[in-house]
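Here the structure is laid out as structure tokens; the discussion comes afterwards.
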Amino acid sequence: MAFETIARIIKPMIVALKHVFMPTVTIKYPYEKIINTTGENYRYDPKASIAYPGFKGRHILYLDKCTGCSLCDIACQNVAEAIMMVYGFNASLKLDKKFVEDYRKGEKAAVDFVENLVTRLGVNENGVGPNSHPVVDVVWNDLRALQQAGEGYEWKLNAEPIYSYRSEAVLESYFDSFLTWARGNGWSDQVIEVQGADKEDEYHKLSNGMYEAILAITKIDEKLAHNKKSYFPAVDYGRCVFCGLCVDACPFYALEMTNEIELSDTDRRSLFYSPKKLAKPGVRGPPAELGWFDKLVTALRG
Ligand code: SF4
Ligand code: SF4
């Protein structure tokens, strides 16, 4: 009787001990990466109406195929509204010669204008702008780097394209505070038409009787025959539910989903992927380092 009781206690202990040395079937995430069984992106062939199995992680956008048709955006509208169709914009300031000469001499009105533009853009110590949704990926140039342009000077404000659905949104995100300051400090602000400009462009003529400056928000033309408007989707991963309906909706094989799933960030704004960021193949970081004990257990289990 006593022997039977001892056997009942020892037997399960032996079974448990055996399992310690058996190969594991679970994945030790994040120390081991989840393996994409097919090694393929999730993609859809609209001609054959076939979806190919693959991991539904972050998207990859093939800029050489995207026509800017917006069908991915429409597909997402009833799901998560995570896609926004955007243009790339440049922002620049055209200044007359006298303004620049006086600025260099330290003339107050010119210096105030430049200082207020710089500080009211909210550029941080790394030259990165406010980046508020929907405008992303903006790195500002050295704000005092002036290029001679014809009679006057041109100050190209952004180093990276500013992505947005319209020029007014760029103005609102970056220049609202500056324009309000200018209007309240003796500068008139007039929206002007410029011959040959794209209909998405916007020009503001600022003048105070002494100087004239033109703030130009101009659409970037990528000169793509298949996408004449240079119009692309951007994805907000703070909203995306990774359903893949946008991939299914794309008639031009321009959108797929990759096995990149580690998209978390401490900054909400970095979850907004511009077309340029979506076009880059995902980079998967190395797995986290195992501690010595976990290394030993993993080695024993095989
Ligand atoms: S995968 Fe994301 S972006 Fe695409 S339709 Fe679904 S929610 Fe929208
Ligand atoms: S990704 Fe596809 S569906 Fe979306 S705009 Fe480009 S071509 Fe159209």
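The values are calculated or read from the model by the stated rules, or taken from the named source; none is laboratory data. No experiment lies behind these values; they were computed from the predicted model shown. Note that each Cβ is placed from the backbone with ideal geometry, even for glycine, and that neighbours are counted across all protein chains shown. Heavy atoms of the whole protein, side chains included, go into the accessibility calculation; ligands, DNA and RNA do not. Shrake-Rupley method; radii C 1.70, N 1.55, O 1.52, S 1.80 Å.
Checking each residue in the stretch 243-262 for being crowded, with 16+ Cβ neighbours inside 10 Å and more than 16 Å from ligand 2 (Cβ to nearest atom) picks out Asn259, Glu260, Ile261. Take the stretch 29-69 and flag every residue that is in contact with a strand residue (DSSP E or B) (Cβ under 9 Å, 6 or more places away or on another chain), among the aliphatic types (A, V, I, L, M) and at pLDDT 80 or above. Ile50, Ala51, Ile60, Leu61, Leu63 - these are the residues of the stretch 29-69 that are in contact with a strand residue (DSSP E or B) (Cβ under 9 Å, 6 or more places away or on another chain), among the aliphatic types (A, V, I, L, M) and at pLDDT 80 or above. For the stretch 84-108, taking the residues that are surrounded by fewer than 17 Cβ atoms within 10 Å (Cβ to Cβ) and touching a residue at least 12 places away in the same chain (Cβ under 8 Å), the one that is nearest to ligand 2 (Cβ to nearest atom) is identified as Lys97. Of all the listed residues (Asn208, Asn259, Asn227), the sole one being under 30 Å from Asn116 (Cα atoms) and not small (Gly, Ala, Ser) is Asn208. Residue-level check: of (1) away from ligand 2 (no atom under 11 Å from the Cβ); (2) under 14 Å from the mean Cα position of the chain (by Cα), Glu81 misses just (2).
Filter the stretch 170-189 down to residues that are open to solvent by 10 Å² or more (accessible area, probe 1.4 Å) and at pLDDT below 90 and give me whichever is farthest from Gly209 (Cα to Cα). Taking the candidates together, the pick is Ser173. Summed over the stretch 229-267, the residues that are more than 12 Å from ligand 1 (Cβ to nearest atom), closer than 28 Å to Lys156 by Cβ and touching a residue at least 12 places away in the same chain (Cβ under 8 Å) give a count of 4.
It is to be established whether one or more residues within the stretch 207-228 are surrounded by 15 or more Cβ atoms within 10 Å (Cβ to Cβ), among the aromatic types (Phe, Trp, Tyr) and under 30 Å from Asn41 (Cα atoms). No - not one qualifying residue is present in the stretch 207-228. Suppose we keep only residues that are more than 13 Å from Val297 (Cβ to Cβ) and open to solvent by less than 100 Å² (accessible area, probe 1.4 Å) within the stretch 13-28. Which one would you say is modelled with the lowest pLDDT? Once the filter is applied, the top-ranked residue is Ile27.
The criterion of at least 3 residues that are modelled with pLDDT of 90 or more and within 17 Å of Met85 (Cα to Cα) is met, among helices (runs of 4 or more DSSP H) falling completely within the stretch 224-302, by 245-249, 275-279.
Would you say Asp189 is of a type in the set (Asp, Glu) and part of a strand (DSSP E or B)? The answer is yes for Asp189. For the stretch 47-69, a residue qualifies if it is open to solvent by less than 40 Å² (accessible area, probe 1.4 Å) and either away from ligand 2 (no atom under 13 Å from the Cβ) or not in a strand (DSSP E or B) (or both), and the qualifying residues are Gly54, Gly57, Arg58, Cys66, Gly68. So which residues in the stretch 70-81 are open to solvent by 60 Å² or more (accessible area, probe 1.4 Å) and closer than 19 Å to Lys276 by Cβ, if there are any at all? Those that are open to solvent by 60 Å² or more (accessible area, probe 1.4 Å) and closer than 19 Å to Lys276 by Cβ: none in the stretch 70-81.
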